[in-house]
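Below: one structure, written as structure tokens.
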């Protein structure tokens, strides 16, 4: 059996940990920009309630635009929302009609 050098394993974990921290920082930065732009839109509208989602979506669109961070932001947001969502206890039925566990 081949032994793995513990230093190499620690470096790999360190790189993975560093990458996750960097991605979280980038996600936080983009979210702050989106939040700030959404607040500007709200204030421009005269602080009329009931348009929060519209403001957020428009702010996301404007902030991300053609940003190189757009795909990363969308992927990380999707992952964070999936991990925060409660898992269903019911089986999910796929289009073929076969049930699969959730």
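Observations
- Scanning the range 19-60 for residues that are in a helix (DSSP H, G or I) and over 24 Å from residue 80 (Cβ atoms) yields a count of 3.
- Residues that are surrounded by 11 or more Cβ atoms within 10 Å (Cβ to Cβ) and either within 20 Å of residue 19 (Cα to Cα) or in contact (Cβ under 8 Å) with a residue 60 or more places away in the chain (or both), drawn from the range 33-68: 67
- Within the range 69-79, restricting attention to residues that are without any contact (Cβ under 8 Å) to a residue 12 or more places away in the chain and closer than 16 Å to residue 19 by Cβ, the residue that is surrounded by the fewest Cβ atoms within 10 Å (Cβ to Cβ) is 71.
- Checklist (1) under 22 Å from the mean Cα position of the chain (by Cα); (2) at pLDDT below 85 applied to residue 28, failing item: (2)
- On the stretch given as the range 80-95, residues that are farther than 30 Å from residue 43 by Cα and either at pLDDT 80 or above or surrounded by 10 or more Cβ atoms within 10 Å (Cβ to Cβ) (or both) total 2.
The values are calculated or read from the model by the stated rules, or taken from the named source; none is laboratory data. Note that this is a predicted model, so its numbers are computed, not measured. Every residue, glycine as well, gets a Cβ built from its backbone with ideal geometry; the counts of neighbours run over all protein chains shown.
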